[in-house]
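Structure first, commentary second.
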Amino acid sequence: MNNGCGGSEAAAPPLEWKFSQVFGERTAGEEVQEVDIISAIEFDGTGDHLATGDRGGRVVLFERTDTRDNGGHRRDLEMMDYSISRHPEFRYKTEFQSHEPEFDYLKSLEIEEKINKIRWCQSANGAVYLLSTNDKTIKLWKVQEKKVKKVCDLNVFPEKVAGNGSIGSSSISTISKPCVPNGGCRERPFGCSSNEFSFPPGGVSSLRLPVVVACQETSLVAGCRRIYAHAHDYHINSISNNSDGETFISADDLRINLWNLEISNQSFNIVDVKPANMEDLTEVITSAEFHPTHCNVLAYSSSKGSIRLIDMRQSALCDTHSKLFEEQEAPGARSFFTEIIASISDIKFSKDGRHILSRDYMTLKLWDINMDSGPVATFQVHEYLRPKLCDLYENDSIFDKFECCLSGDGRRVATGSYSNLFRVFGSSEGSTEATTLEASKNPVRRQVQTPSRATRSLGSLSGVVRRVKGADNSGVDANGNAYDFSMKLLHLAWHPSENSIACAASNSLYMYYA
């Protein structure tokens, strides 16, 4: 199976993760500003660019440097069978202010500038395009390099006017005089008063103009090309590009809209779960994503722990789903927290579109889109928290929305946890890989010991055996330190073609490779 989730392939050995880079590392005791906390991370399709968004409405771009140092584009090097031994390295490229705080006067509602999601679009003519959104407004940005043009001094001297023609003889001295903006001169020649200018005797033999010279230097310019606004009554939680390169979707709690990238004043509502009476509302949309190759298929998750697959060819308004993925609740296991922790915070398609990865509060689940009877694998992220759900409810941590990601080959999945920890699991059949890493320069410093085998089975449902991996019941880390629920690693992204992970710990961006 292409993504490594089938039983025909042997389980890959566990990866040994190493620290690569950190951007924005804070010193001990340094107070982090709220606006600097990273709220979105996304690699582009090639893996050569990385974008982050923060709560201050800024988007920061990074570009890969190690492939350039090796003398060519990565794809060219692969075709030449060139061995790239160096790990991925990125450098800061540019940043721009994507969103500003706003106020909705009709609803008396403050709209914060925080970037909720970033998605890369197809590049064209050497420029990169990306979508960014806050709670209400989506923007399309174009970032490109432009040659810097400088305005030289007045071409008083003949050597400064190459290409502009020669300067004829003049009765005005060519001695440089202190000038002021707009061509004025502090010395008033020939009896010039403050409000008039008199030409010298005999007139001016040549017109002296500034020279604009294009330098070899380049600067990155970010420009907003489209603004997609006024289409969502509730907070936008997802945007996703279509594989057709022309459309994208945006989702809020109750609706999913379909947009054309070229048309910013019109969108089509394709999913609407709002009931006629809001008192009848039982679930909301939490995440939505297009299928990576089928432009007519998309999936969205709900607060009840279900995932719906819809086909836009069936009807204009996709009220009915093609497939429903949900796990059957164990008899007698229901409690006050059951529905809260079942809410799915993020879903991702595998690269080949065969599987869907979902993250709820306690677990990661891997679903086969051809089998809707239940997940093919379940990964316990932080089972030790189950006895502490009351405390987590009191401090609202139980509502934290963790993201998830898959490796490019589909053999591994990853998600974040508390104390700036993140976990990597092997998703291949038979794999027992369950690694815990810390977002720091020493990722294995606080490694949690996990059992080498599945701790328990979810049993057989419709003849399918589930796997539960990485169950960890410890309330402290390997050093005996209590977990810090204020330090949460919510956002991370996996490089599309290499074993490299970028994750956000507060205002710092950490990168690891294996």
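Those strands (runs of 3 or more DSSP E) of region 373-449 that lie entirely within it include none in which at least 2 residues are at pLDDT below 90 and out of contact with any His (no Cβ under 9 Å at 6 or more places or on another chain).
For region 89-147, a residue qualifies if it is within 29 Å of Val213 (Cα to Cα), buried (at least 18 other Cβ atoms within 10 Å of the Cβ) and among the hydrophobic types (A, V, I, L, M, F, W, C), and the qualifying residues are Val128, Trp141, Val143. Restricting to region 282-294, what's the tally of residues that are under 16 Å from Arg308 (Cβ atoms) and either hydrophobic (A, V, I, L, M, F, W, C) or open to solvent by less than 70 Å² (accessible area, probe 1.4 Å) (or both)? Final tally of qualifying residues: 9.
A quick yes/no check of all residues on (1) among the β-branched types (Val, Ile, Thr); (2) under 23 Å from Leu366 (Cβ atoms):
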| site | (1), (2) |
| --- | --- |
| Asp253 | no, no |
| Ile256 | yes, no |
| Asp272 | no, no |
| Leu298 | no, yes |
| Gly305 | no, yes |
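Scanning region 254-310 for residues that are touching a strand residue (DSSP E or B) at 6+ places or on another chain (Cβ under 6 Å) and among the acidic types (Asp, Glu) gives Asp272, Glu283, Glu289. Residues of region 374-420 that are among the basic types (Lys, Arg) and open to solvent by less than 30 Å² (accessible area, probe 1.4 Å): Arg412 alone. Determine if region 254-266 includes at least one residue that is farther than 22 Å from Glu403 by Cα, part of a loop (DSSP other than H, G, I, E, B) and either at pLDDT 95 or above or out of contact with any helix residue (DSSP H, G or I) (no Cβ under 9 Å at 6 or more places or on another chain) (or both). The answer is yes, given that some residue of region 254-266 is farther than 22 Å from Glu403 by Cα, part of a loop (DSSP other than H, G, I, E, B) and either at pLDDT 95 or above or out of contact with any helix residue (DSSP H, G or I) (no Cβ under 9 Å at 6 or more places or on another chain) (or both).
From the list Ser301, Ser306, Ser350, pick out the single residue that is at negative phi, touching a Ser or Thr at 6+ places or on another chain (Cβ under 7 Å) and open to solvent by less than 50 Å² (accessible area, probe 1.4 Å). If you could, list the steps in order and put the result at the bottom.
Numbers: Ser306 fails: touching a Ser or Thr at 6+ places or on another chain (Cβ under 7 Å); Ser350 fails: touching a Ser or Thr at 6+ places or on another chain (Cβ under 7 Å).
Of the residues listed, the single one that is at negative phi, touching a Ser or Thr at 6+ places or on another chain (Cβ under 7 Å) and open to solvent by less than 50 Å² (accessible area, probe 1.4 Å) is Ser301.
Scan region 353-373 for residues that are under 26 Å from Ser497 (Cα atoms), open to solvent by less than 30 Å² (accessible area, probe 1.4 Å) and without any contact (Cβ under 8 Å) to a residue 40 or more places away in the chain and jot them down. Of everything in region 353-373, those that are under 26 Å from Ser497 (Cα atoms), open to solvent by less than 30 Å² (accessible area, probe 1.4 Å) and without any contact (Cβ under 8 Å) to a residue 40 or more places away in the chain turn out to be Thr363, Lys365. The residues of region 356-372 that are in a loop (DSSP other than H, G, I, E, B) and hydroxyl-bearing (Ser, Thr, Tyr) amount to a single one, Tyr361.
Taking the stated definitions as given, is Ile249 closer than 19 Å to Ile118 by Cα and open to solvent by less than 30 Å² (accessible area, probe 1.4 Å)? Yes; evaluated as a whole, the condition is true for this residue. Within region 314-334, if we keep just the residues that are without any contact (Cβ under 8 Å) to a residue 12 or more places away in the chain and either closer than 17 Å to Ser287 by Cα or among the hydroxyl-bearing types (Ser, Thr, Tyr) (or both), the residue that is least open to solvent (accessible area, probe 1.4 Å) turns out to be Ser315. Within region 237-279, the set of residues being within 15 Å of Lys139 (Cα to Cα) and among the aliphatic types (A, V, I, L, M) comprises Ile239, Ile249, Ala251, Leu258, Leu261, Ile263.
The values are calculated or read from the model by the stated rules, or taken from the named source; none is laboratory data. Keep in mind the model is a prediction, meaning the values are calculated, not measured. Positions of Cβ are backbone-derived with ideal geometry, glycine not excepted, and every protein chain shown enters the neighbour counts. Quick note on the areas: whole protein, heavy atoms, side chains included, nothing else; ligands and nucleic acids left out. Shrake-Rupley method; radii C 1.70, N 1.55, O 1.52, S 1.80 Å.
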